[in-house]
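Q: After the structure tokens below, expect a handful of questions from me.
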Amino acid sequence: MYTMEELKKYCLKCHKCRLASTRTNVVFGEGNENAVIMFVGEGPGYYEDVQGRPFVGKAGQLLDKMIEAIKLKRSDVYITNIVKCRPPENRNPLDDECVSCLEYLRWQVKLINPKIIVCLGAVSAKNLINQDFRISKQRGQFVKKGNFYFMPTYHPSYLLRNEFAKKDAWEDFKNIAAKLDD
Ligand code: URA
């Protein structure tokens with residue numbers, strides 16, 4: 001078993017896939033290591049790559065607001081991504097890049113042992129729930145796997161482009177808040 005610090009040290013030196021050659025910084029993830037909720041996005045964008053922190057751009061600001069809307073602070077939760085390095089031009093991560101990187105996420109989940117894992121967007125839901133997951137059709141229902149409740153919902157970047165979807169995302173967040181209490 002690694003500590004989070006050891007895992008991070010190892011991850012920051014990772015060269016398991018091609019994304020290592022174009023990244024500025026590895027974006028390992030951050031937050032409360034005793035969090036009850038983990039948020040898992042897709043992969044770092046421009047600002048995340050520059051700062052080495054997850055969800056610090058426009059999508060991150062919306063995520064912060066959504067977290068605050070359920071009466072939590074960013075520092076209460078843990079936030080990370082499926083891939084820890086920015087894909088060039090913000091393309092979707094390729095399957096082999098996700099597979100190489102998922103080992104880090106598995107350790108993070110093991111160490112944090114949250115109750116709820118929120119999958120932000122299709123890439124996250126496909127990698128964590130099932131490969132055929134359709135976010136537009138299947139979001140909003142908890143999927144229990146092992147000890148964890150997975151909640152697939154829209155990615156905040158999608159919500160920035162599609163205002164109409166915010167209503168559904170708000171329902172999902174209310175259900176997340178209710179699950180915390182039961
Ligand atoms: N989008 C993601 O999926 N992750 C981030 O960290 C930022 C934007």
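Q: Given 92, 104, 162, which one lies farthest toward the positive end of the charge dipole of the range 86-182, if we put +1 on the Cβ of every Lys and Arg and -1 on the Cβ of every Asp and Glu?
A: 162
Q: Under 15 Å from the Cβ of residue 51, count the other residues' Cβ atoms, weight Lys and Arg +1, Asp and Glu -1, and hand me the total.
A: Residues near residue 51 contribute +2 overall.
Q: Another question, if that's okay. Using only Cα atoms, tell me the angle between helix 58-69 and the longest principal axis of the chain; keep it within 0 to 90° and round to the nearest 10.
A: 40
Q: Just need the relative contact order of the range 106-182 here, percent rounded to a whole number, with Cα pairs under 8 Å and 6+ apart.
A: 29
Q: Sticking with this one: Once phi is turned into θ = phi - 60°, what whole-Hz ³J(HN,Hα) does the Karplus curve with 6.51, -1.76 and 1.60 give for every residue of the range 38-51, x standing for Gly and Pro?
A: Residue by residue, the range 38-51 yields 10, 9, 10, x, 9, x, x, x, 4, 5, 5, 4, 5, 8 Hz.
Q: List, in the order given, every pair from 73/126; 84/179; 73/174; 110/166 whose Cα-Cα distance in the structure shown is over 23 Å.
A: 73/126; 84/179; 110/166
Q: What's log10 of I(q)/I(0) for the range 11-157 at q = 0.16, 0.22 Å⁻¹, Debye sum over Cα points only, no solvent?
A: Listed by q, the Debye log ratios stand at -0.81, -1.60.
Q: In addition: Using a Cα-Cα cut-off of under 20 Å, which aspartates and glutamates could be cross-linked to residue 137, ignoring same-chain neighbours fewer than 8 residues away?
A: Once the sequence-local aspartates and glutamates are set aside, what remains near residue 137 is 42, 163, 168, 171, 172.
Q: What's the ranking of 36-45, 158-167 by average number of surrounding C-beta atoms within 10 Å, highest first?
A: Descending packing order for the listed peptides: 36-45, 158-167.
Q: Now for a different question. Please compute the length gained on full extension between residue 113 and residue 174, using 0.36 nm multiplied by the number of residues separating them and subtracting their Cα-Cα distance.
A: Roughly 19.8 nm would be gained on extension.
Q: Which of 40, 140, 83 sits closest to the plus end of the dipole of the range 38-149, meaning its Cα is farthest towards the positive end, when Lys and Arg get +1 and Asp and Glu get -1 on the C-beta?
A: Sorting the options by dipole projection puts first 140.
Q: Can you give the local net charge around residue 65? Use residues other than it whose beta-carbon is closer than 12 angstrom to its beta-carbon, Lys and Arg +1, Asp and Glu -1.
A: +2
Q: Springs between alpha-carbon atoms under 10 Å, Gaussian network over the chain: tell me which of 58, 145, 115 tops the mean-square fluctuations.
A: Looking only at 58, 145, 115, the largest GNM fluctuation is found for 145.
Q: Could you state the angle between the C-alpha long axis of helix 166-181 and the longest principal axis of the C-alpha atoms of the chain, as a value from 0 to 90 degrees rounded to the nearest 10?
A: So the helix axis and the longest Cα principal axis differ by about 90 degrees.
Q: Tell me, what ³J(HN,Hα) does each residue in the range 2-7 have, in order and in whole Hz, if you take phi through Karplus 6.51 cos²θ - 1.76 cosθ + 1.60 with θ = phi - 60° and put x for Gly and Pro?
A: With the stated coefficients, the range 2-7 comes to 8, 7, 4, 4, 5, 4 Hz.
We did not get these values from a lab; they are worked out from the coordinates using the rules stated. As the structure is a computational prediction, the values presented were derived from the model and not from experiment. A quick note on method: Cβ atoms are made from the backbone with ideal geometry, for glycine too, and the neighbour counts reach across all protein chains shown.
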